[in-house]
């Protein structure tokens, strides 16, 4: 019994001190873009509230479940965008939770001909915790999982400040940006005996929108949108490549997740998943659903894939009623 308890203690110590953490990524990040880059805060004339729910690897026990809610708006008098971001993520049978609330500020610099440059900052407070009573210890494996453990299992938590920054360049049909999260390398360790600084997460993202117009018959057939998002955090990195056919009110998307060239031991493509996106919306509200088909060695039969649902609502602010030129945001909605 002592051996099992020692193993359990060592496992917990390793998980809380030397774990290689990686932030959760969202397939429909374009529908709630402020989770990728604070420079998207107030990037359109409308105020916006968006939420995303993700269930990653739904068939596996203790799957990764996350909910993010974001609100952002633009103030023309200040040439500034503001945003509020709330996130809650839970992983594993032990209820490993991470909760964060952050404020965002972006200043907009008009460059002419519809181009805008938007530097931004983000500051937040986060909490990471685990419910020890939900874990199974070695003495329970011997005496039965329904028996309470003799171990002292108080729940533990870590609170820390978290900072991010970003930059975004947008035109009528093009956008390009980069962001850095966890700039202060906050300590996320749940073991007070160890320090586990978070790696900075870097992201480079962009794309372009191309209207599909039949000039001969003067007909508009929607937009073709191509987008990418490269992410790196510690030893992890990934490239997402997406293409959308964007019409009103429907939108269809297909994303490739992985590194296309020479990343595996054999030198081949590192394919994580392929995602299918379906969106529907009217002028003020939109809803999107995506399904990630796991193509890695874990396999779709093992993981069950990943589900994601996005809801978004926007409304016109009083500032927009002024006779000023509209501000374009060419990013896809979903």
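The values are calculated or read from the model by the stated rules, or taken from the named source; none is laboratory data. Just so we're clear, the structure is a prediction, and the values are computed from it rather than from any experiment. Ideal geometry is used to build each Cβ from the backbone, glycine not excepted, and the neighbour counts take in all protein chains shown.
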_Single match in 96, 78, 15, 85 (criterion: modelled with pLDDT of 85 or more and surrounded by 15 or more Cβ atoms within 10 Å (Cβ to Cβ))_ = 85
_For the range 50-69, which positions are under 12 Å from residue 312 (Cα atoms) and assigned to a loop (DSSP other than H, G, I, E, B)?_
none
*Could you say which residue among 165, 102 is at pLDDT 95 or above, crowded, with 18+ Cβ neighbours inside 10 Å and within 26 Å of residue 71 (Cβ to Cβ)?*
102
*Could you tell me which of the residues 191, 185, 229 is on the phi > 0 side of the Ramachandran plot and either touching a helix residue (DSSP H, G or I) at 6+ places or on another chain (Cβ under 9 Å) or not in a strand (DSSP E or B) (or both)?*
185
_Sole residue being buried (at least 17 other Cβ atoms within 10 Å of the Cβ) and at pLDDT below 65, chosen from 146, 140, 133, 122_ = 140
*asked:* Take the residues in the range 243-256 that are free of Cβ contacts under 8 Å to residues at least 60 places away in the same chain and surrounded by 15 or more Cβ atoms within 10 Å (Cβ to Cβ); name whichever of them is farthest from the chain's Cα centre (by Cα).
replied: 245
_Suppose we filter the range 289-304 for residues that are part of a loop (DSSP other than H, G, I, E, B), within 20 Å of residue 259 (Cα to Cα) and either in contact with a helix residue (DSSP H, G or I) (Cβ under 9 Å, 6 or more places away or on another chain) or modelled with pLDDT of 80 or more (or both); how many remain?_
2
_residue 273 vs. criteria over 16 Å from residue 48 (Cα atoms), at pLDDT below 90 and part of a strand (DSSP E or B)_ = yes
_Identity of the residue in the range 236-249, touching a strand residue (DSSP E or B) at 6+ places or on another chain (Cβ under 6 Å) and farther than 21 Å from residue 306 by Cβ, that ends up modelled with the highest pLDDT_ = 245
*Count, please, the residues in the range 211-235 that happen to be closer than 17 Å to residue 33 by Cα and out of contact with any strand residue (DSSP E or B) (no Cβ under 7 Å at 6 or more places or on another chain).*
0
*Is it true that some residue in the range 211-220 is assigned to a strand (DSSP E or B) and under 15 Å from the mean Cα position of the chain (by Cα)?*
no
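Yes or no, residue by residue, for (1) in a helix (DSSP H, G or I); (2) surrounded by 15 or more Cβ atoms within 10 Å (Cβ to Cβ); (3) modelled with pLDDT under 95:
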residue	(1), (2), (3)
7	yes, no, yes
19	no, no, yes
26	no, yes, yes
43	no, yes, yes
*Going through the range 168-182 one residue at a time, which ones are outside any strand (DSSP E or B) and surrounded by fewer than 16 Cβ atoms within 10 Å (Cβ to Cβ)?*
172, 173
*Within the range 308-321, which residues are modelled with pLDDT under 80 and either touching a helix residue (DSSP H, G or I) at 6+ places or on another chain (Cβ under 6 Å) or more than 20 Å from residue 115 (Cα to Cα) (or both)?*
317, 318, 319, 321
*Enumerate the pairs (first residue in the range 273-296 and free of Cβ contacts under 8 Å to residues at least 60 places away in the same chain; second residue anywhere and in a loop (DSSP other than H, G, I, E, B) and surrounded by fewer than 14 Cβ atoms within 10 Å (Cβ to Cβ)) with beta-carbon separation below 7 Å, excluding pairs fewer than 6 apart on the same chain, so at least 6 apart or on different chains.*
280/249; 281/249; 282/249
_Restricting to the range 168-190, name every residue that is modelled with pLDDT under 90 and touching a strand residue (DSSP E or B) at 6+ places or on another chain (Cβ under 8 Å)._
188, 189, 190
